[in-house]
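The values are calculated or read from the model by the stated rules, or taken from the named source; none is laboratory data. The model shown is predicted, which means the values in this text are computed figures rather than measured ones. Because the Cβ atoms are built from the backbone with ideal geometry, glycine has one as well, and the counts that use them run over all protein chains shown.
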Amino acid sequence: MLTDDLFTALRTLTADHSVENMFLLADENSQKFCLSQVTKVLNIPSSHIYIIKSGEEQKNFSTVQSIWKFLIENNANRQSLLLCLGGGVVTDLGAFVASTYMRGIEFVHIPTTLLAMVDASIGGKAGFDFMGIKNVIGVFRKPLKTIVFPDFLLTLPSRQLLSGYAEVLKHALIASPLELAEVLNFDLQSFKIADFIEILERSMAIKEYIVEQDPEEKNIRKALNFGHTIGHALESYFLSENKELLHGYAVAYGIVGALYLSVKKLNLNQAVLQQVISFVKQYYGTITCPCKDFEQILSFMRHDKKSVSSDEFRFTLLRQAGNYQIDVPVSEEEVREALDFVFNM
Ligand SMILES: NC(=O)c1ccc[n+]([C@@H]2O[C@H](COP(=O)([O-])OP(=O)(O)OC[C@H]3O[C@@H](n4cnc5c(N)ncnc54)[C@H](O)[C@@H]3O)[C@@H](O)[C@H]2O)c1
Ligand SMILES: [Zn+2]
């Protein structure tokens, strides 16, 4: 639920849960920038507030254990409510901990990054990274409620905003030509929350609609993987080289690769590819491949269970904006061509 009235949204939680039995998980930045706006409405005991360090490195089993421990030591019970205030790292971890603590307690998401608002806090996936593999341990479980307060975006660094905006672009591409035009024409340079609300609301609705049709990702939810086959491989490759590449940036480049393949294999109109390339270049810049060949990137793709079937790759591609096809077989040669295209756009 998107709201400009955080006070009322938070107060409604007290109808079923006493404030004394609420717990809150945040990270350093959501603590710094957002926590006081929650605690001035809900006077949660300070011993019930747990702050983790920020960053994807924290999304691991040791953090999960420390949150379980914190709940046990502070006598959380089956009636307790866990508020997850933060970006996708906090919502993924908080949802997993709440889903497993005493066989599951209720939790509420209060996303504070754009990526968490339009993506991570919707769809009921929770989990953490293990043995170097992202999100490999997890569950499906829905929050009691999700409270989206767009003003939290005001303190978000611009590259984090852009990272989330790549998912907004992805949602527009799988939704309709009209939505795509809105998202490509939005002025990100002078980002104004009031002008962004409608796009934000529609982007959330696109994800909600798709996960409602296919909650456990058996078929059409794979549409949300658009741009992620190449995107995830780029992300993993950069990580393995100790070079930072934010998820959304990797997705933006992955989208260009997927659009290239869509033109080649499903006759997508070239104009869509060209419009998205100029948008990506303007805001995300270009990417160079620090590798001699694409072997390592391809090997990450081969390990991505969503992208591989026997020895072929499987992509979600577009015939036109809003008209996608899941599980399109793509040969290794075609993937190499797409990577070459992305690194030379
Ligand atoms: N469950 C799902 O379906 C799903 C979907 C997409 C992504 N994810 C997960 O989400 C994670 C990425 O989420 P993310 O991009 O939000 O990362 P994140 O949680 O690491 O947040 C990004 C950065 O922004 C900071 N931050 C958070 N709120 C802020 C605010 N209001 N002002 C200033 N700084 C703020 C954080 O401390 C962090 O440094 C990944 O782990 C990814 O796997 C999950
Ligand atoms: Zn993503």
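For the structure I just gave you, tell me whether Leu245 is out of contact with any His (no Cβ under 9 Å at 6 or more places or on another chain), assigned to a loop (DSSP other than H, G, I, E, B) and either buried (at least 16 other Cβ atoms within 10 Å of the Cβ) or at positive phi (or both). So Leu245 passes the test. Looking only at residues of the range 145-167 that are under 27 Å from Phe7 (Cβ atoms) and surrounded by fewer than 16 Cβ atoms within 10 Å (Cβ to Cβ), we find that the one that is nearest to ligand 1 (Cβ to nearest atom) is Thr155.
Residues in the range 199-209 that are away from ligand 2 (no atom under 13 Å from the Cβ) and in contact (Cβ under 8 Å) with a residue 12 or more places away in the chain: Ile199, Leu200, Glu201, Arg202, Met204, Ile206, Glu208. When only residues in the range 60-87 that are without any contact (Cβ under 8 Å) to a residue 40 or more places away in the chain and touching a helix residue (DSSP H, G or I) at 6+ places or on another chain (Cβ under 7 Å) count, which is surrounded by the fewest Cβ atoms within 10 Å (Cβ to Cβ)? Filtering first and then ranking leaves Arg78. Filtering the range 18-33 to residues that are away from ligand 1 (no atom under 14 Å from the Cβ) and either free of Cβ contacts under 8 Å to residues at least 12 places away in the same chain or surrounded by fewer than 20 Cβ atoms within 10 Å (Cβ to Cβ) (or both) leaves Ser18, Val19, Glu20, Asn21. Check whether at least one residue in the range 295-309 is over 27 Å from Asp129 (Cα atoms) and crowded, with 16+ Cβ neighbours inside 10 Å, and report yes or no. No. Just to be sure, is Ser36 surrounded by fewer than 17 Cβ atoms within 10 Å (Cβ to Cβ), modelled with pLDDT of 95 or more, more than 17 Å from Glu106 (Cα to Cα) and small (Gly, Ala, Ser)? So Ser36 passes the test.
Across the range 129-148, the number of residues qualifying as farther than 18 Å from Phe300 by Cα and within 16 Å of ligand 2 (Cβ to nearest atom) comes to 1. Restricting attention to the range 210-229, the residues that are within 16 Å of ligand 2 (Cβ to nearest atom) and either over 17 Å from Thr316 (Cα atoms) or out of contact with any Phe, Trp or Tyr (no Cβ under 6 Å at 6 or more places or on another chain) (or both) total 10. Residue count for the range 108-119 satisfying the condition of being over 17 Å from Val38 (Cα atoms) and either surrounded by fewer than 24 Cβ atoms within 10 Å (Cβ to Cβ) or more than 7 Å from ligand 1 (Cβ to nearest atom) (or both): 2.
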